[in-house]
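Engineer: I have a structure here, written as structure tokens, and I will follow up with some questions on it.
The values are calculated or read from the model by the stated rules, or taken from the named source; none is laboratory data. Here the structure is a predicted model, which is why all the values come from computation and not from measurement. Note that each Cβ is placed from the backbone with ideal geometry, even for glycine, and that neighbours are counted across all protein chains shown.
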Amino acid sequence: MPVLAATPENVALAAECLKAGGIVAFPTESVYGLGAIVWDARAVARVFEAKRRPSFDPLIVHVLGLEMLDEVAAELPPAAALLAERFWPGPLTLVLPKRPAVPSLVTAGLETVAVRMPSHPVARALIEAAGAPIAAPSANPFGALSPTRAQHVARLLGDAVDIILDGGPTEHGIESTIIGFTPRPTLLRPGAIPLEDLSSVIPSSPSVILSLSKDERPTAPGQLPHHYAPRTPLRVANLAEVPPAQRARAGALALREAPAGYGAVRVLSPAGDLREAAARLFDALHELDALGLERIYAEPIEERGLGLAIADRLARAQAAG
Ligand code: TXA
Ligand code: MG
């Protein structure tokens, strides 16, 4: 499991590895992915195995441009085309009707395929050198925290991966936003692009993106309530209300200000900037998780803008423990 700096030579090496049926972890602008060439069902099966991921959880296919998109998706609905034009390349995933050639293991037997066009130069160089779309879930064991650094991948997946390309910490630090079309644009997973930004691009009704309440919102297949969890039990709680006696052996994940009395504290963004907070979220949770604390208390985040995705990840982490 060599961790290689993402130099052009090593990206070329990683592409050769993919072409030979290997699996490669690589940086994207959202989180690190664990990739296989989409047409290679055996390699895709190794990705599932390495992550201990159930086969009902479909993967996201990463493409370089519209030509490659056409190899995997049969159709681009008008609303999807608008979103693609505005937000690709970037951390937006669109669920589209699939081409028959996409192995059903990739899509968990669904007639749709989740696709995104990443903006990260290393991800793009890798897809280009491999000459094929790359199917890649986040490079973490199923249900665990997503990796925002190459070291997270090395620690979590280790020898199960052939090569880890190190491109430094990821920019957004949180997974892509997933939109389905059934046929109305529907939020399936809040993520790095705020819902408000997506809605502003689509002409109003009947094509508005459905911003449903949490209970009504359909979830993407495989998105279990206990996804994205650290091993340490996590509770979303007002940090000032946690009894002082419980603080010493607990960690606090705060948005702006460090609370007193906790064994360890991580502040996501002293300026209260949600972009910075999202980028720090998994990193801070990985750090707190490594300290052997009894519990992690996370400050509730308002569900607006990127706060929706952050609150979603915290709620899932809480459901796990
Ligand atoms: O930012 C990201 O999206 C990262 C980077 C690596 O691109 N990838 C990522 O993949 O988060 P993963 O496997 O952790 O999440 C993919 C999720 C699946 O769990 C499922 O919820 C949804 O995408 N998905 C995939 N295919 C789908 C489909 N055909 N229909 C609906 N949802 C789908
Ligand atoms: Mg994941």
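Engineer: Give segment 143-180 a look and list any residue that's of a type outside the set (Asp, Glu), within 13 Å of ligand 1 (Cβ to nearest atom) and assigned to a loop (DSSP other than H, G, I, E, B), or say none.
Structural biologist: Listed by number, the residues that qualify are Gly143, Leu145, Ser146, Pro147, Thr148, Gly167, Thr170, His172, Gly173, Ile174, Ser176.
Engineer: I'd like the full set of residues that are surrounded by 20 or more Cβ atoms within 10 Å (Cβ to Cβ) and either free of Cβ contacts under 8 Å to residues at least 40 places away in the same chain or within 16 Å of ligand 2 (Cβ to nearest atom) (or both), limited to segment 175-187. Walk me through how you get there before you give the answer.
Structural biologist: Of segment 175-187, the ones surrounded by 20 or more Cβ atoms within 10 Å (Cβ to Cβ) are 175-181, 185, 187.
The answer is Glu175, Ser176, Thr177, Ile178, Leu187.
Engineer: Which one of these is among the small types (Gly, Ala, Ser), under 23 Å from His172 (Cβ atoms) and touching an Asp or Glu at 6+ places or on another chain (Cβ under 9 Å): Ala237, Ala320, Ala279?
Structural biologist: Details: Ala237 fails: under 23 Å from His172 (Cβ atoms); Ala320 fails: touching an Asp or Glu at 6+ places or on another chain (Cβ under 9 Å).
One residue alone meets the criteria, Ala279.
Engineer: Another question, if that's okay. Go through (1) within 16 Å of ligand 2 (Cβ to nearest atom); (2) in a strand (DSSP E or B); (3) over 28 Å from Ile202 (Cα atoms) one by one and return the number of the condition Asn140 breaks.
Structural biologist: Result: Asn140 passes all but (2).
Engineer: Given (1) hydrophobic (A, V, I, L, M, F, W, C); (2) under 21 Å from Ala277 (Cα atoms); (3) in contact with a Gly (Cβ under 6 Å, 6 or more places away or on another chain), identify the lone condition not met by Leu188.
Structural biologist: (2)
Engineer: Looking for whichever is over 22 Å from Ile193 (Cα atoms), modelled with pLDDT under 95 and surrounded by 15 or more Cβ atoms within 10 Å (Cβ to Cβ) here; the options are Ala250, Ala320. Which one fits?
Structural biologist: Numbers: Ala250 fails: modelled with pLDDT under 95.
Of Ala250, Ala320, the one residue that is over 22 Å from Ile193 (Cα atoms), modelled with pLDDT under 95 and surrounded by 15 or more Cβ atoms within 10 Å (Cβ to Cβ) is Ala320.
Engineer: Which of the residues spanning segment 111-142 are among the β-branched types (Val, Ile, Thr) and near ligand 1 (Cβ under 10 Å from one of its atoms)?
Structural biologist: Within segment 111-142, Thr112, Val113, Val115, Ile134 qualify.
Engineer: Among the numbered criteria (1) touching a His at 6+ places or on another chain (Cβ under 6 Å); (2) at pLDDT below 95; (3) of a type outside the set (A, V, I, L, M, F, W, C), which single criterion is violated by Pro54?
Structural biologist: (1)
Engineer: A further question on this structure: Say whether the condition of being assigned by TED's automatic domain parsing to the domain that holds Asp40 and within 16 Å of ligand 2 (Cβ to nearest atom) is met by at least one residue in segment 158-166.
Structural biologist: Scanning segment 158-166 turns up at least one residue that is assigned by TED's automatic domain parsing to the domain that holds Asp40 and within 16 Å of ligand 2 (Cβ to nearest atom).
Engineer: Name the single residue that is surrounded by the fewest Cβ atoms within 10 Å (Cβ to Cβ) among those in segment 111-124 being of a type outside the set (A, V, I, L, M) and either farther than 18 Å from Gly35 by Cβ or touching a residue at least 60 places away in the same chain (Cβ under 8 Å) (or both).
Structural biologist: Among them, the one singled out is Glu111.
Engineer: Same structure, new question: Against the condition near ligand 1 (Cβ under 8 Å from one of its atoms), in contact (Cβ under 8 Å) with a residue 40 or more places away in the chain and on the phi > 0 side of the Ramachandran plot, how does Ala108 come out, does it pass?
Structural biologist: Here the answer is yes, as Ala108 does meet what is asked.
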